[in-house]
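**Student:** Here's a structure for you.
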Amino acid sequence: MLIGELAERAGTSARTLRYYEQHGLVEPQRDANGYRRYDEAELRVVHEIRALLAVGFGLDDIRPFVACLRAGNATGHVCPDSVAVLRRKLAEVETCLDQLAGVRDRLRGQLSQAIEERERRCLRIR
């Protein structure tokens with residue numbers, strides 16, 4: 001399939017596919033006239049790339065998943081390098097969640113103090 005068809009089937013643009021190609025994630029074959037031609041396997045690769053980008057992975061993080069697919073695996077997350085990236089990403093997410101929980105607790109405390117102070121002021125005015 002040509003780049004336009006792949007873009008349509010993958011729900012992206014030809015520009016995005018060329019960007020993935022520049023980063024070594026998508027590998028088209030070239031016709032004699034220079035047109036990019038893709039096989040069905042590239043559609044699977046593009047779906048994997050888009051799914052991983054959607055949950056916050058960077059292009060460098062995605063490389064092991066693409067390599068895993070290219071090695072003939074049904075999914076990109078079963079290879080050791082992909083598992084290592086998943087573990088690292090999970091640790092990053094857990095750290096962010098811990099930080100957000102701290103922010104939430106501080107905000108709750110500030111809100112509680114603000115409400116208490118407001119109620120004290122209202123009682124003094126009466």
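Computed from the coordinates by the stated procedures, all read-outs in this text should not be read as laboratory data. Predicted, not measured: the structure shown is a model, and the values here were computed from it. Neighbour counts are summed over all protein chains in view; Cβ atoms, including those assigned to glycine, are modelled from backbone coordinates with ideal geometry.
**Student:** Could you tally the net charge around Val66, taking each other residue with its Cβ under 14 Å from the Cβ of Val66, Lys/Arg +1 and Asp/Glu -1?
**Tutor:** Net local charge, Val66 excluded: -3.
**Student:** At R0 = 25 Å, how high is the FRET efficiency between Thr95 and Ala54 if r is their beta carbon distance? Nearest 0.05 is fine.
**Tutor:** 0.75
**Student:** Of Leu100, Ala114, His47, whose Cα points farthest to the positive end of the dipole of the chain (charges on the beta-carbon: +1 Lys, Arg; -1 Asp, Glu; origin at the Cα centre)?
**Tutor:** Ala114
**Student:** Dipole of the chain, Cα-centred, from +1 at each Lys and Arg C-beta and -1 at each Asp and Glu C-beta, to the nearest 20 debye?
**Tutor:** Magnitude of the dipole: close to 820 debye.
**Student:** Run the Debye formula on the Cα coordinates of the chain, all scatterers equal and no solvent, and tell me log10 I(q)/I(0) at q = 0.12, 0.13, 0.19, 0.20 1/Å.
**Tutor:** -0.59, -0.64, -1.02, -1.08
**Student:** Would you mind counting up the charge near Val45? Only other residues with Cβ under 13 Å from its Cβ, with Lys and Arg at +1 and Asp and Glu at -1.
**Tutor:** With Lys, Arg at +1 and Asp, Glu at -1, the net is -1.
**Student:** Report the local net charge at Phe57: Lys and Arg +1, Asp and Glu -1, summed over other residues whose C-beta lies under 14 Å from its C-beta.
**Tutor:** 0
**Student:** Let me ask another. For a protection proxy built on the mean count of beta-carbon atoms within 10 angstrom, sort 61-70, 1-10, 83-92, 107-116 highest first, please.
**Tutor:** 61-70, 1-10, 83-92, 107-116
**Student:** Given q = 0.14, 0.31 Å⁻¹, what are the Debye log10 I(q)/I(0) values for segment 46-89, with equal point scatterers placed on the Cα positions and solvent ignored?
**Tutor:** -0.25, -1.21
**Student:** Determine, for each peptide in 14-27, 36-49, the mean count of other beta carbons within 10 angstrom over its residues, then list the peptides with the highest first.
**Tutor:** Ranked by mean Cβ neighbours within 10 Å, highest first: 36-49, 14-27.
**Student:** Same structure again: Quick check: the distance between the Cα centres of segment 93-116 and segment 1-74, to the nearest angstrom?
**Tutor:** For segment 93-116 versus segment 1-74, the Cα centre distance is 41 Å.
**Student:** Output the 0 to 90 degree angle, nearest 10, between the alpha-carbon long axis of helix 80-125 and the longest principal axis computed from the alpha carbons of the chain.
**Tutor:** Orientation of helix 80-125: about 20 degrees from the principal axis.
**Student:** Do the sum for the chain: with -39,500 (n - 2.57) for every DSSP H run of n ≥ 4, divided by all residues, what is the mean residue ellipticity at 222 nm, to the nearest 500 deg cm²/dmol?
**Tutor:** -24000 deg cm²/dmol
**Student:** Against the longest alpha carbon principal axis of the chain, how many degrees, from 0 to 90 and to the nearest 10, is the axis of helix 59-70 turned?
**Tutor:** With both axes taken from Cα atoms, the answer is about 40 degrees.
**Student:** Express in nm, to one decimal, how much length is gained between Glu116 and Asp81 on full extension, taking 0.36 nm for each residue of separation and deducting their alpha carbon distance.
**Tutor:** 7.3 nm is the gain from fully extending Glu116 to Asp81.
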